[in-house]
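Note sheet for the following structure.
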Amino acid sequence: MTPRAEAWLRQARNDLEAAQVTAQAGFHAQACYLAGQAAEKALKAAIVATGSTPPHSHSLERLVTLLREQGISTEPLEGLHLKALTRMNSETRYPHGDEAPADLFDANDTAQALLTAERVVQIAAAHLAG
């Protein structure tokens, strides 16, 4: 693993840990956002490991497509709720009409976001390890 890819993965793990702590404190919108960031950075670590520069994109599906185009098996990522986690990137940060994100996300959303992010980070770490 290159030092740059390792840095992306370290940050992914740090974001995931921050999401877990934030969730325990009951800040569900923020925890969902951080979970999405963890997944995004883990996928970008895998892209960096191919020698490519990751795009400025929050779309997890796009990042998976780029990995597939690089010849990396993305089968372990199939079936994960990546689209939902991608949507959380903006929905967890900005009010929608008269509703604040804090009003829209709950413990169930956080649990799903954390589960998905944890799995993405695990898959990326395993790929980078060997």
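The values are calculated or read from the model by the stated rules, or taken from the named source; none is laboratory data. None of the values given here were measured: they were computed from a predicted structure. Neighbour counts are summed over all protein chains in view; Cβ atoms, including those assigned to glycine, are modelled from backbone coordinates with ideal geometry.
Residues that are over 15 Å from Glu40 (Cα atoms) and modelled with pLDDT of 95 or more do occur in region 111-121.
Of the residues in region 64-84, at least one is among the basic types (Lys, Arg) and either buried (at least 16 other Cβ atoms within 10 Å of the Cβ) or touching a residue at least 12 places away in the same chain (Cβ under 8 Å) (or both).
Please state which one of Glu91, Glu99, Glu40 is closer than 26 Å to Pro3 by Cα and among the acidic types (Asp, Glu). Talk me through it step by step, then tell me what you get.
Numbers: Glu91 fails: closer than 26 Å to Pro3 by Cα; Glu99 fails: closer than 26 Å to Pro3 by Cα.
Exactly one residue qualifies, and that residue is Glu40.
From (1) surrounded by 12 or more Cβ atoms within 10 Å (Cβ to Cβ); (2) free of Cβ contacts under 8 Å to residues at least 12 places away in the same chain, pick out the condition that doesn't hold for His96. So the condition that His96 fails would be (1).
Scanning region 1-25 for residues that are touching a residue at least 60 places away in the same chain (Cβ under 8 Å) and small (Gly, Ala, Ser) yields Ala5, Ala12, Ala19, Ala23.
All conditions in (1) over 24 Å from Ala23 (Cα atoms); (2) surrounded by 12 or more Cβ atoms within 10 Å (Cβ to Cβ); (3) modelled with pLDDT of 95 or more hold for His127, with the sole exception of (3).
Exactly one residue out of His28, His58 is surrounded by 14 or more Cβ atoms within 10 Å (Cβ to Cβ), touching a helix residue (DSSP H, G or I) at 6+ places or on another chain (Cβ under 6 Å) and modelled with pLDDT under 95: that is His58.
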